[in-house]
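Before I ask anything, here is the structure I am working with.
The values are calculated or read from the model by the stated rules, or taken from the named source; none is laboratory data. Just so you know, these numbers come straight off a predicted model, no measurement behind them. For accessibility, only protein heavy atoms count, side chains too; no ligands or nucleic acids. Shrake-Rupley method; radii C 1.70, N 1.55, O 1.52, S 1.80 Å.
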Amino acid sequence: LRWRKRSCVDSEERPGMMVTHRISRLAICFALLLVLADASRYVGDRGRHMAKGTTALEGEEEEGGDACVVGEFPIEFREETDFNVNEGFGVLRDDSTNLECHCVEKECKCYGEGEDCDEYSQLWFYGLAYAHQFGAFFYDLPKYEEQYHLQSMVFWSILGLILFWTGIVVLLYMEIKAVTVQRERDERKKLVQARAMERCQALRELEDKEAKIMAPRAYITMSGAVVVWIGLVCQLIPFCHLLRELGFYVEVHGLCILFVIMNSFVLAACITLLILGLVWSCTRGFASLLFISLSILGDLMMFGGTLSVIIWGALTIAALWLYFSYLPSLYQDLKDPDDPNNGGYPWWLQDAGDFAIETELAKFGDAFKGFGQGVVSDVTDNPVGEKVKELGDHVTGNSATV
């Protein structure tokens, strides 16, 4: 009674005490509930993790045990890759190793027993793993062959390469021949103007012979340029799908062949102009500068699309016609054959040898006939050709004697 009475007295004196005690009890109970909930969640997660780990270990045991070699790479594999290190690199292989590897994303795990996991096998593993990352094309070659007919692509590429270099050789041969003839003409002209040489019958005959050599120049040079163009087309058309996959800009979607033909034509023209510029640079500096400038400009304009290529073509035709046809005819009257400085003729205006196209069929045939004779003469009338001919005659004579 004393306690109840005191309690009643205290409660009457301090009415807020009972409320405070009740709130504190509720807080303690709530905290205990939270602790129990966290403990049960931890136990549940731990149990699930242990169950998952047990399942994974069982799976690894079924697959052949734990991985004995684990490697991480800076670059992800395009897809899941499986290989055995005894596959090697073609003929470079070692069948004594047996290490099965499975690669996903940036990690590879390999399974083997005993010596299959030694450092020697690991060297093969890293080499093959990097080879699968960077040389996937060669490992997928059979699939690409079936899908893209790579053998046909290789054939056309080799054929195009042969035609391309054949055209280059033809261009170089004809233009070097033309430069040689033109330099001899320039030297004789200087000697005649200096009164150190007279124009005799032998000189006229030599000039007629040089004219026959230069007659087919226009046809041979253009033929060489066309062969270069055909060679580029043969090399690039089979790779139309590759150009599309690599993201090259194609103006008309689905007409890759048109894209290749147009750009290979521009590239062949630029290569021809570059060869002309380099060959004629030793005797016609300003004409050579024009050729090289147009060639470089064409290479740059080729990446601008169809419109820029058309503009370059029109500009090139206009520049060549203006420099080699219109301006020479405009200043023709200022030339003085007896003046070493050509009178009042502009010193920066230079020709590039004879480049005439005949429309008569007889002259056309004579030009190619003269070209054939010139080629035979170049092959036989030189020290190497003479030695080969002497060796052939010697062998033939010995055979006849026997």
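Among the listed pairs Lys209/Lys335; Lys189/Lys209; Lys177/Lys209; Lys189/Lys369; Lys190/Lys335, which are separated by more than 20 Å between their Cα atoms?
Long pairs (Cα-Cα over 20 Å): Lys209/Lys335; Lys189/Lys369.
Around Val69, which amide H atoms from residues at least 5 apart in sequence, or from another chain, sit under 5 Å from its own amide H, with H modelled in the peptide plane?
Those lying under 5 Å, H to H, from Val69 are Cys110.
Under a 5 Å amide H to amide H cut-off, with H placed in plane at 1.01 Å, what residues pair with Tyr345 once short-range neighbours are removed?
Amide H neighbours of Tyr345, under 5 Å, 5+ apart: Asp336.
Rank these residues by their accessible area, most exposed first, probe 1.4 Å: Arg185, Arg284, Arg195, Arg78.
Arg195, Arg78, Arg185, Arg284
Could you go through the range 215-226 in sequence order and give the Karplus-derived ³J(HN,Hα) for each residue, using 6.51 cos²θ - 1.76 cosθ + 1.60 with θ = phi - 60°, rounded to whole Hz, and x for Gly and Pro?
Per-residue couplings from phi come out as 4, x, 4, 4, 5, 5, 5, 5, 5, x, 5, 5 Hz.
Amide H neighbours of Glu100 under 5 Å, at least 5 residues apart or on other chains, H built in the peptide plane: list them.
Tyr111
Quick one: Karplus J couplings for the range 184-197, per residue in order, coefficients 6.51, -1.76, 1.60, θ = phi - 60°, nearest Hz, x for Gly and Pro?
Here the 3J(HN,Hα) series is 5, 4, 4, 5, 5, 5, 5, 5, 5, 5, 8, 6, 8, 8 Hz.
If you stretched the chain out fully between Thr166 and Cys240, how much longer would it get, using 0.36 nm times the residue separation minus the C-alpha to C-alpha distance?
Taking 0.36 nm per residue and subtracting the Cα distance, the gain is 24.3 nm.
Whole percent per 5 Å bin, from 0 to the bin with the longest distance: what is P(r) over all C-alpha pairs of the range 152-304?
Computed distribution, short to long bins: 2, 9, 14, 16, 15, 12, 10, 7, 5, 4, 3, 2, 1, 0.
Extension gain Leu258-Leu123, at 0.36 nm per residue separation less the Cα-Cα distance, in nm?
Full-extension gain reported as 43.7 nm.
Related question: Tell me, what HN-Hα J-couplings in whole Hz come from the Karplus equation 6.51 cos²θ - 1.76 cosθ + 1.60 at θ = phi - 60° for each residue of the range 259-273, using x for Gly and Pro?
Going residue by residue, I get 4, 5, 4, 5, 6, 5, 5, 5, 5, 5, 5, 5, 5, 4, 5 Hz, with x marking Gly and Pro.
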